[in-house]
Amino acid sequence: MSYDFNLKTKDNHLIIGDLDANDLAEKYQTPLYVVDEQKIRENYNKLYSAFSSKYPKLHMCYASKANTALAVMKILNTEGSYIDAVSPGEIYTALTVGFKPEEIMFTGNNVTTEELEYAHKAGVKLNIDSVSALERLSTIEGTEGREISIRVNPMVEAGHHEHCITGGPKSKFGIREDEAVEVYQRAVDLGFKPIGMHSHIGSEILESEPFMLAVESMMNIAGKVHQEVGVDFKFLDFGGGFGIPYSPDEDELDLETFTTDIINLFKSKLEEYDMGEPYFFIEPGRFLVGNAAVILTRVNTVKQSYRKFVGVDCGFGTLLRPTMYGSYHHIVTANKMDEEDVEEIDIAGNLCESGDLFARDRPMPKLEEGDLLAILNAGAYAFTMASQYNSRPRPAEILVNKDQVDIIRRREEMSDIFHGQSIPTRLLK
């Protein structure tokens, strides 16, 4: 089954929102991140409706590490989203755009005592990842009686790359499943009030099976903690990891089957362990924003070497995923949308690294210098992982809402490369 990415075209050109990508590139220059506001809203409501129609006590916590652009987070704030934050900086960002402290879940790992203190004083939900963090949190003034959640490792793993697997025997995240009762009891003994449990197994999940295994495992752990420690859970948080098709040969997540299977299992386990009706939390990131942005980049070099290379005006400082994970991103020619693929080429970035490649042997139309390429599905883990490597300023980011355009992050200038730096006076003599 071939996935077509639901792209809009007009007169051989790519359309984003109601606007021509070529006009956007001409006006705002390349490389350029282009975010589609309506796509984010559509994704949020589609996922929320799929789950809430089967279990109304639902909170979706946007995994903000996927894209922390203030405008993107504000869009999700207006839709009613909660926030999954993994650092004090993400807490600060969420508070800045208008999320209430009680709408923010902080799940750090290997956190410092200072970070725990910041999160506690901010009043956000605390999800504790280790016994060490639990013990250190108890030494912070004012944490007596503090409501907390604890992250467990359900010993289920999933992910498109080993670096993205967050459950199982090799994972650094969470407490062991076989120590959950002991750790929850320790939390009670330290004066905390445990009200939640959390797990997350990995990313880019496109089928029900691994998530079902994780739900079953965590519900059994929660049931045991409920029965043996007496914890009455207010919420159970199953993390995120819901995938999107990056390649045309990948199938879209079947939301109806996925949500039906998960909620039915969740409800049966609640009944089995007599746990009442706690809130069901999920933490989507990529699913909400991944397919809501593209990177527009201009072809500046066509070179026939031992292979045919097409060089563009951005590199892995703009999109790291292909270099870091070997990830596939579909690429289209925004000014030649109706033309057939006629050759297989390598699409190379402009950084001084051999690994700076967006594609190998990629079928494409006949490309020429000046053509405009659109790298799809660049809304998650693109700008958030961007860098100024090779002393290249980072691109601008614009938000398209139908026929409206706003610059939501200005293009960096050369002077931004050394922002915050200084030369010691002794070196200037």
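Here is a yes/no grid of residues against (1) surrounded by fewer than 21 Cβ atoms within 10 Å (Cβ to Cβ); (2) in a loop (DSSP other than H, G, I, E, B):
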| site | (1), (2) |
| --- | --- |
| Asp84 | no, no |
| Gly89 | yes, no |
| Thr93 | yes, no |
| Glu102 | yes, no |
| Asn110 | yes, yes |
| Ala119 | no, no |
| Asn127 | no, no |
Subject >> Given (1) open to solvent by 50 Å² or more (accessible area, probe 1.4 Å); (2) part of a loop (DSSP other than H, G, I, E, B), number of the condition Thr143 does not satisfy >> reply: (1)
**OP:** Being among the polar types (S, T, N, Q) and farther than 16 Å from Leu14 by Cα is the filter here, so list the residues in the range 279-302 that pass it.
**Re:** Asn300, Thr301
Original post:
Name the residues in the range 184-213 that are within 21 Å of Pro284 (Cα to Cα), assigned to a helix (DSSP H, G or I) and of a type outside the set (S, T, N, Q), would you?
Top reply: Glu209, Pro210, Phe211, Met212, Leu213
Original post:
Are there any pairs with C-beta distances below 8 angstrom linking a residue in the range 369-393 that is closer than 18 Å to Ala63 by Cβ and hydroxyl-bearing (Ser, Thr, Tyr) to a residue that is open to solvent by 30 Å² or more (accessible area, probe 1.4 Å) and at pLDDT 95 or above, with the two at least 6 apart or on different chains, and if so which?
Top reply: Tyr381/Lys65; Tyr381/Leu320; Thr384/Lys65; Thr384/Thr68
Original post:
Which is among the hydroxyl-bearing types (Ser, Thr, Tyr), open to solvent by 40 Å² or more (accessible area, probe 1.4 Å), under 19 Å from Thr297 (Cα atoms) and in contact with a helix residue (DSSP H, G or I) (Cβ under 9 Å, 6 or more places away or on another chain), of Ser387, Ser391?
Top reply: Ser391
Original post:
Considering Phe258, Phe316, which residue is crowded, with 17+ Cβ neighbours inside 10 Å, assigned to a loop (DSSP other than H, G, I, E, B) and of a type in the set (A, V, I, L, M, F, W, C)?
Top reply: Phe316
Original post:
Hey, does the range 72-79 have a residue that's closer than 30 Å to Val299 by Cβ and either open to solvent by 20 Å² or more (accessible area, probe 1.4 Å) or under 22 Å from the mean Cα position of the chain (by Cα) (or both)?
Top reply: yes
**OP:** Sort out for me the strands (runs of 3 or more DSSP E) sitting completely within the range 1-63 that have 1 or more residues that are touching a residue at least 60 places away in the same chain (Cβ under 8 Å), closer than 30 Å to Asn264 by Cα and not hydroxyl-bearing (Ser, Thr, Tyr).
**Re:** 58-63
Original post:
Does at least one position in the range 63-78 carry a residue that is in contact with a Leu (Cβ under 8 Å, 6 or more places away or on another chain), of a type outside the set (Lys, Arg) and within 23 Å of Leu372 (Cα to Cα)?
Top reply: no
Original post:
Would the range 220-236 turn up any residue that is of a type outside the set (A, V, I, L, M), touching a Leu at 6+ places or on another chain (Cβ under 7 Å) and surrounded by fewer than 24 Cβ atoms within 10 Å (Cβ to Cβ)?
Top reply: no
Original post:
If you go through the range 35-52 one residue at a time, how many are more than 17 Å from the chain's Cα centre (by Cα) and open to solvent by less than 10 Å² (accessible area, probe 1.4 Å)?
Top reply: 1
Original post:
Identify, please: which residue in the range 214-237 is in a helix (DSSP H, G or I) and of a type in the set (Val, Ile, Thr) and is, among those, modelled with the lowest pLDDT?
Top reply: Val215
**OP:** Would you please list the contacts, defined by Cβ atoms under 6 Å and residues six or more apart or on different chains, that run from a residue in the range 327-350 that is open to solvent by 40 Å² or more (accessible area, probe 1.4 Å) to a residue that is assigned to a loop (DSSP other than H, G, I, E, B) and of a type in the set (Lys, Arg)?
**Re:** Val342/Lys366
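The values are calculated or read from the model by the stated rules, or taken from the named source; none is laboratory data. Quick caveat: nothing in here was measured; it's all calculated off a predicted structure. Cβ sites come from the backbone with ideal geometry, for glycine too, and all protein chains shown count toward neighbours. Calculation scope for accessible area: heavy atoms of the full protein, side chains included, ligands and nucleic acids excluded. Shrake-Rupley method; radii C 1.70, N 1.55, O 1.52, S 1.80 Å.
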